[in-house]
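Here is the structure we will look at.
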Amino acid sequence: MTPLTILRYPDPRLHTVAKPVATVDARLRQLADAMFQTMYEAEGIGLAATQVDVHERLVVIDVSEGRNQPLVLINPEIVWASTETRIGDEGCLSVPGIYDGVERALAVKVEALDLDGQKQIHEAEGMLAVCIQHEMDHLIGKVFVEYLSPLKRNRIRTRMLKQKKDEEREAVR
Ligand code: NI
């Protein structure tokens, strides 16, 4: 299986709002597999289908040290979020090399289907809670840099576009 291509900010397709998954079937399981492979290869802790240009409500996550605790969330909905928040540095496979502070709920409860189509409730805090909120933002077309000031966001945009141009120049050599 070749890894999927991850869209990079400011690709406008990252702002697509994903549709709910209609059926949890073999096609979806294959997509989740490919997304895990892509995420592990890129050394990320989470990946939303939006980032691989599939606009359905599916995210894969693994925040474990051993990279052996895969979590799939299909049609996830946050059913509870703590009022207590924290600002922590985030990065994103769609915005490589950029890390900045985002305010998130400290803990969340999320309801989602698993790969058997069964409804599960996950209680998360710490890094997992942050990751779930970050990935679920992707599903509504939101990239974490949109929480930053317009000035910072513009700088990131310029840097990403330059990086892309440099890579394209490298590729034709
Ligand atoms: Ni991301």
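Observations, loosely collected:
- Were the residues from Asp116 through Gln30 laid out at 0.36 nm apart, the gain over their Cα-Cα distance would be 29.7 nm.
- Couplings 3J(HN,Hα) for segment 150-158, derived from phi with the Karplus relation 6.51 cos²θ - 1.76 cosθ + 1.60 (θ = phi - 60°), are x, 5, 4, 4, 5, 4, 5, 4, 4 Hz, where x marks Gly and Pro.
- Taking amide hydrogens as placed 1.01 Å from N in the peptide plane, the amide H of Asp53 sits under 5 Å from those of Leu7, each at least 5 positions away in sequence or on another chain.
- Spacing of the modelled spin labels on Glu103 and Asp53, each 7 Å from Cα toward Cβ, amounts to 3.7 nm.
- Listed residues Tyr9, Ala22, Leu47: farthest to the positive end of the dipole of segment 1-63 (Cβ charges): Ala22
- Its Cα gyration tensor gives segment 98-146 an equivalent ellipsoid, and the semi-axes of that ellipsoid, as √(5λ) in whole Å with the largest first, are 22, 14, 8.
- When the helices of the chain are scored as -39500 (n - 2.57) per DSSP H run of n ≥ 4 and the total is divided over every residue, the value at 222 nm lands at -10500 deg cm²/dmol.
- A simple charge model with +1 on the Cβ of Lys and Arg, -1 on the Cβ of Asp and Glu and nothing else charged puts the dipole of the chain at about 820 debye relative to its Cα centre.
- Peptide packing for 27-39, 145-157 was compared via the average number of neighbouring C-beta atoms within 10 Å per residue; ordered from the highest value, the list is 27-39, 145-157.
- Going from the fewest other Cβ atoms within 10 Å to the most, the residues Glu65, Glu135 appear in the order Glu65, Glu135.
- Kirkwood-Stokes translational diffusion coefficient of the chain, alpha-carbon pairs, 4 °C, 1.567 mPa s, µm²/s: 78 µm²/s
- Taken over segment 70-173, lysine pairs spaced eight or more positions apart, or on distinct chains, with alpha carbons under 27 Å apart number 10.
- Placing +1 on the Cβ of every Lys and Arg and -1 on the Cβ of every Asp and Glu, with nothing else charged, gives segment 96-173 a dipole about its Cα centre of roughly 720 debye.
Only the coordinates and a few stated rules stand behind these numbers; no lab work does. Quick caveat, the model's predicted, so the values are computed rather than measured. All Cβ positions, glycine included, derive from the backbone under ideal geometry; neighbour counts span all protein chains shown.
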